[in-house]
Amino acid sequence: MVSNAPAPSPGYRGALALVIFLGALCMMAVGALIAGAFLGAGRRDGAGTPYSATVPAAGQRLESADIEGNRILLRLSGPDGQELAILDVNTGRLIGRIKVQAGP
């Protein structure tokens, strides 16, 4: 039995090779995403210290809170005067404390 179908042109064969190559590349990318999800699923960041352990100090109370970018600014007042506490939004880590001086 002899086939009467014409031989594919070089342009068709090149396009077919390109489609097969890109399909294989997509399959490898999906495999890499799945492998990355399984390998990274067990990793967890350690639990940070709760806010109550770092802010406020004994006798202080929270007056206001503002969020700017990835920082939280807490205004605290207590027997020692007013203080600003700066926290990181992503980790909850205490970045710094600033004592506010009253008067001129």
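Values in this text are rule-based calculations from the coordinates and carry no lab data. Because the structure is predicted, anything quoted here is derived from the model rather than measured. Methodologically, a virtual Cβ is constructed for each residue, glycine included, from the backbone with ideal geometry; neighbour enumeration extends over all protein chains shown.
Below are the figures for this structure:
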item	result
Amide H partners (placed H, <5 Å) of Gln60, local residues excluded	none
Peptide ranges 17-29, 68-80 listed from the most packed, as the mean C-beta count within 10 angstrom indicates	68-80, 17-29
Ranked packing of 86-96, 5-15, most packed first, by mean Cβ within 10 Å	86-96, 5-15
